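Written below as structure tokens is the structure these notes are about.
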Amino acid sequence: MKRAVVPIVILLLVVPILAGCGGEPKGEKPARKDVKDYELRAESAGFGFGLFRQVAAQDPGSNVVLSPVSAKLALAMAYNGAVGDTAQAMANVLDLEGKGLDEVNEQLGNLMVSLEQADEDVLLEIANSLWANEQYGLAPDFAERCRESYDAEVASLDFGDPGSARRINSWVGEKTHEKIDGIVDVIDPDSA
């Protein structure tokens, strides 16, 4: 049985959806700069290759498929709540040193919209979420930055209630057009 590991207070989900060619028309997204203006491309490539090397080293010779953009978006959302040494370590890993939080959020938000709108014949959707143990909650400014910059679903759940895993899985199913029907079997109720 799969077991969800919930670091710190939140479960961060970033679900990329590539439904294929001839997708349904997309809803209107906020106007953002074109991906050509995305200044973090080189840093994202460095992060992506580093992540790939780390994952591939876990099982040499195996096939590895991962989404560096999804990983970076999830970690960037968490970065919004980090302070001190943790924030510095995350900035280093994400190749964000010297960039302000507002700049990072704007540029990654622009990247998300640009990727979703890159080709009208391809349906690509990026769905982000934060699921917090209701015992702890989230700082309101942190939650708002994730909603605004990453279009994230933000919710507090009773991690002791089995319905919480169903709620997360239902959200994932909806966002993936039922291509992924579940990612969480059990949430440890003591997760902080």
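The values are calculated or read from the model by the stated rules, or taken from the named source; none is laboratory data. Please read these numbers as outputs of a predicted model, since none were measured by experiment. Reconstructed Cβ throughout: ideal geometry from the backbone, glycine too, with neighbour counts over all protein chains shown. Heavy atoms of the whole protein, side chains included, go into the accessibility calculation; ligands, DNA and RNA do not. Shrake-Rupley method; radii C 1.70, N 1.55, O 1.52, S 1.80 Å.
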Exactly one of these conditions fails for residue 162: (1) under 29 Å from residue 52 (Cβ atoms); (2) open to solvent by 50 Å² or more (accessible area, probe 1.4 Å). Give me its number. (1)
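Is it the case that the range 44-62 has a residue that's among the charged types (D, E, K, R), touching a helix residue (DSSP H, G or I) at 6+ places or on another chain (Cβ under 8 Å) and exposed (fewer than 15 other Cβ atoms within 10 Å of the Cβ)? Quick ask: steps written out before the conclusion?
The first filter runs over the range 44-62 and keeps only residues among the charged types (D, E, K, R), leaving 53, 59.
If we keep only those that are touching a helix residue (DSSP H, G or I) at 6+ places or on another chain (Cβ under 8 Å) as well, we get none.
No, that holds for no residue.
Yes or no, residue by residue, for (1) hydrophobic (A, V, I, L, M, F, W, C); (2) farther than 25 Å from residue 49 by Cα; (3) modelled with pLDDT under 95; (4) within 18 Å of the chain's Cα centre (by Cα):
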{"site": "80", "(1), (2), (3), (4)": "no, no, no, yes"}
{"site": "85", "(1), (2), (3), (4)": "no, no, no, no"}
{"site": "95", "(1), (2), (3), (4)": "no, no, yes, yes"}
{"site": "104", "(1), (2), (3), (4)": "yes, no, yes, yes"}
{"site": "125", "(1), (2), (3), (4)": "no, no, yes, yes"}
{"site": "154", "(1), (2), (3), (4)": "yes, yes, no, yes"}
{"site": "179", "(1), (2), (3), (4)": "no, yes, yes, yes"}
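Give me the residue from the range 169-192 that is aliphatic (A, V, I, L, M) and over 23 Å from residue 109 (Cβ atoms) and, out of that set, surrounded by the most Cβ atoms within 10 Å (Cβ to Cβ). Please lay out each step first, then the result.
Initial filter on the range 169-192 (aliphatic (A, V, I, L, M)): 172, 180, 183-184, 186-187, 192.
Then drop every residue that is not over 23 Å from residue 109 (Cβ atoms), which leaves 180, 183-184, 186-187, 192.
On the way: 180: 13, 183: 17, 184: 19, 186: 13, 187: 23, 192: 13.
Per the stated criteria, the residue is 187.
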Just one of the numbered conditions (1) without any contact (Cβ under 8 Å) to a residue 12 or more places away in the chain; (2) touching a Lys or Arg at 6+ places or on another chain (Cβ under 9 Å) is not true of residue 183; which one? (1)
Out of (1) at pLDDT below 90; (2) within 30 Å of residue 158 (Cβ to Cβ); (3) not acidic (Asp, Glu), the one residue 48 does not meet is (2)
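Could you run through the range 105-126 and say how many residues are among the hydrophobic types (A, V, I, L, M, F, W, C) and crowded, with 20+ Cβ neighbours inside 10 Å?
Summing the residues that are among the hydrophobic types (A, V, I, L, M, F, W, C) and crowded, with 20+ Cβ neighbours inside 10 Å in the range 105-126 gives 4.
Tell me, which residue of the range 127-147 that is of a type in the set (Phe, Trp, Tyr) and open to solvent by 10 Å² or more (accessible area, probe 1.4 Å) is farthest from residue 90 (Cα to Cα)?
Going residue by residue through the range 127-147, those that are of a type in the set (Phe, Trp, Tyr) are 131, 136, 142.
In the following step, the residues that additionally are open to solvent by 10 Å² or more (accessible area, probe 1.4 Å) were identified as 136, 142.
Values: 136: 22, 142: 16 Å.
By that ranking, first place goes to 136.
When only residues in the range 150-159 that are open to solvent by less than 50 Å² (accessible area, probe 1.4 Å) and free of Cβ contacts under 8 Å to residues at least 60 places away in the same chain count, which is nearest to residue 115 (Cα to Cα)?
Within the range 150-159, the first condition is being open to solvent by less than 50 Å² (accessible area, probe 1.4 Å), and the residues that meet it are 150, 152, 154-155, 157, 159.
Of the ones still in play, those that are also free of Cβ contacts under 8 Å to residues at least 60 places away in the same chain are 154-155, 157.
Values: 154: 22, 155: 26, 157: 31 Å.
The qualifying residue nearest to residue 115 (Cα to Cα) is 154.
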Of all residues in the range 77-104, which are in contact (Cβ under 8 Å) with a residue 12 or more places away in the chain and open to solvent by 80 Å² or more (accessible area, probe 1.4 Å)? 93
